[in-house]
Amino acid sequence: MFPLILVLLCEVNGQRRRPPKKRVTPPPVEPVEPTELPPPLPPGPPSIFPDCPRECFCPPDFPSALYCDSRNLRKVPIIPSRIHYVYLQNNFIEDLPEESFKNATEVRWINLDNNRIKRVDKRVMDKLESLVFLYMEKNHLKEIPGNLPPSLEQLRLSRNRISKISPNAFNKLEHLILLDLHNNELNDAVFNKNTFKGLKNLMQLNLARNILRKMPPGIPTAVYQLFLDKNNITDIPSNYFKDFSNLAFLRLNYNGLTDKGLPKSTFNITNLLVLHLAHNKLTNIPYISPKLEHLYLNDNSIETINGTEICPMSLFSFQGPSSDLDNVPHLRYLRLDGNHLKPPIPLDLMMCFRLLQSVIF
């Protein structure tokens, strides 16, 4: 028994005498770039095109395209003269050097979304005589790039820091169809009656998520879609939309519109099909055009509905059964939830808008 106890004591003492294990120090954590980019792609085999930049990909079956997206690039590579489509999104590019675009005279499409570009040298734009689509969303731009090519049809500049538009920024862009400036820092002082001068064929204008308090002046009357959501607009001047004969989609959600700020015939727009007025401060339903098909009035302060008053025509004009539905109001979808209304839906509302297929009450 005594030898066994002695052996156990020796083992315990032996354990105590063992040198402590060295603490493994973890390697220092490398700084993480402030972006949500995927990891860089490994370099692939040499391209069949000798002019293809090593850091990019030139697909053999699409020789006019250059893919340099999501590769952690800090600089724009030299773009070959044969390229029509350039993909440079999701990188860390801060500027566009003239040298990179010296041969890019045939480029029609450039995607520079999600980079860190602060400004664009106008000499770069001079090279891009054939450019049709320019995407520069989610960058650090503070103003509209200057000297944009007249060939441009789509200009997407959302999610930047733009607070300035030079007087002649759009003067030569008579072919521009789409202008997206949402989620910037544009205020009322930026716009005047000549800001959009030259945009004769503009179809879609997006000014949502800025800091506007008033309806911007000088918007091209040929516009087909106008988005002004999430600003601070409280009223619309009388006859503001008088000459907007093509306007079909109008969004004014999340503003501060009140009954007082809407003259009675504000939305008497010839071809208006969809009207968004959700999340405002309205207590009454505004005038509904006979051709309007979708109306969003949810999350306002509406308490009562008088179908006879809001009907764009007299109920007596189509009281009897009729198969001629062209002569009745075209409203098909009406959203009224989030107000202070109580069921049931007024009968005169349904009698007026006979084509209603969905009412969210």
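The values are calculated or read from the model by the stated rules, or taken from the named source; none is laboratory data. This structure is a prediction, so every number in the text was calculated from the model and none was measured. Neighbour counts run over all protein chains shown; Cβ positions are idealised from the backbone, glycine included. SASA here: full protein model, heavy atoms, side chains in, ligands and nucleic acids out. Shrake-Rupley method; radii C 1.70, N 1.55, O 1.52, S 1.80 Å.
Some points to look at:
- With R₀ set to 41 Å, the beta-carbon distance separating residue 163 from residue 358 gives a calculated FRET efficiency near 0.50.
- Candidate residues 348, 235: accessible-area rank, largest first, probe 1.4 Å: 235, 348
- Shown is the FRET efficiency for residue 98 and residue 301, computed with R0 = 45 Å from the Cβ-Cβ distance and rounded to the nearest 0.05: 0.20.
- Accessible surface area normalised per residue over the stretch 190-318 is 46 Å², counting heavy atoms of protein chains with a 1.4 Å rolling probe.
- Shape descriptor for the stretch 213-361: Rg over Rh equals 0.96 (Cα atoms; Rh from the Kirkwood inverse mean 1/r).
- Restricted to Cα atoms, the stretch 71-119 shows a radius of gyration and a Dmax of 10.3, 28 angstrom.
- Accessible area per residue (1.4 Å probe, heavy atoms of protein chains only) ranks 304, 195 as 304, 195, with the largest value leading.
- Extent along principal axes [Cα atoms of the stretch 160-232; Å; largest to smallest]: 29, 24, 21
- Rounded accessible area of residue 138 (nearest 10 Å², 1.4 Å probe): 90 Å²
- Using every pair of separate Cα atoms, the Kirkwood estimate puts the hydrodynamic radius of the stretch 199-282 at 12.8 angstrom.
- Nitroxide proxy distance, nm - points 7 Å out along Cα→Cβ at residue 222 and residue 326: 2.9 nm
- Among the listed pairs 118/193; 75/138; 193/281; 200/264, those whose Cα-Cα separation exceeds 25 Å are 118/193; 193/281; 200/264.
- Exposure check, 1.4 Å probe, all protein chains in place: residue 52 carries approximately 20 Å² of accessible surface.
- Candidate cross-link partners of residue 197 among the aspartates and glutamates, defined by an alpha-carbon separation under 19 Å and a same-chain spacing of 8 or more, comprise 143, 153, 174, 180, 188, 243.
- In Å², nearest 10: area of residue 332 left accessible to a 1.4 Å probe: 80 Å²
- With all pairs of different C-alpha atoms in the average, the Kirkwood value for the hydrodynamic radius of the stretch 89-221 is 14.9 Å.
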